[in-house]
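Q: Here you go, one structure.
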Amino acid sequence: MEWYISVLKNYAVFEGRSRRKEYWMFFLFNFIASFIFGFFDGLFGTSFLSIIYALVILVPSIALSIRRLHDTGRSGWWLLIAFVPVIGALALLVFAVLEGDEGENQYGPNPKGLSKDEAVA
């Protein structure tokens, strides 16, 4: 839950880097929350809760995805590859699964706190 809250606190931070753990824990909690809201929408015959939740979580999700791309050494503009059917989603999935750059890269320090020298030792 702390990973979800930390993403929401940094909802409009498009700079820096995000660890895989932060990304996937947010994804998991987001999936569970969407399922619960969808269940209640189905129960009441509306789509109000799901739409409101999707709108609230849109900017934090984009910011987190950009920071995750930064962790792998890619620009946030790579997020636009999602508009390419199938291939774009698969490419973003691969980028999200890849381990981040060791040490500092052009987008900031390693969020794990390890430098290249410390990782080797």
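Q: Is it true that Glu22 is surrounded by fewer than 17 Cβ atoms within 10 Å (Cβ to Cβ) and at pLDDT below 95? Quick ask: steps written out before the conclusion?
A: Values: surrounded by fewer than 17 Cβ atoms within 10 Å (Cβ to Cβ): no; at pLDDT below 95: yes.
Taking the combined requirement at face value, the residue does not satisfy it.
Q: For the range 52-68, check the following and say yes or no: at least one residue is of a type in the set (D, E, K, R) and loosely packed, with under 14 Cβ neighbours inside 10 Å.
A: Taking the range 52-68 first, the residues of a type in the set (D, E, K, R) are 67-68.
Subsequent filtering for residues that are loosely packed, with under 14 Cβ neighbours inside 10 Å retains none.
No, the conditions are met nowhere in the range 52-68.
Q: Does at least one position in the range 71-88 carry a residue that is closer than 25 Å to Ile5 by Cβ and of a type in the set (Lys, Arg)? Break it down into steps so the answer makes sense when it comes.
A: Initial filter on the range 71-88 (closer than 25 Å to Ile5 by Cβ): 71-72, 76, 79.
Checking the rest, the ones that are also of a type in the set (Lys, Arg) come to none.
Checked against the condition, which is being closer than 25 Å to Ile5 by Cβ and of a type in the set (Lys, Arg), the range 71-88 yields no hits at all.
Q: Next question. I need the full set of residues from the range 74-118 which are without any contact (Cβ under 8 Å) to a residue 24 or more places away in the chain and in a loop (DSSP other than H, G, I, E, B), in order please. Walk me through how you get there before you give the answer.
A: Filtering the range 74-118 for residues without any contact (Cβ under 8 Å) to a residue 24 or more places away in the chain gives 74-75, 77-91, 93-94, 102-104, 113-118.
Scanning the range 74-118 gives Arg74, Ser75, Val84, Pro85, Val86, Glu102, Gly103, Glu104, Gly113, Leu114, Ser115.
Q: Scan the range 73-94 and tell me whether some residue there is surrounded by 14 or more Cβ atoms within 10 Å (Cβ to Cβ), under 18 Å from Glu15 (Cβ atoms) and touching a strand residue (DSSP E or B) at 6+ places or on another chain (Cβ under 9 Å).
A: yes
The values are calculated or read from the model by the stated rules, or taken from the named source; none is laboratory data. All values derive from a computational prediction rather than experimental measurement. As a convention, Cβ positions derive from the backbone with ideal geometry for all residues, glycine included, and neighbour counts pool all protein chains shown.
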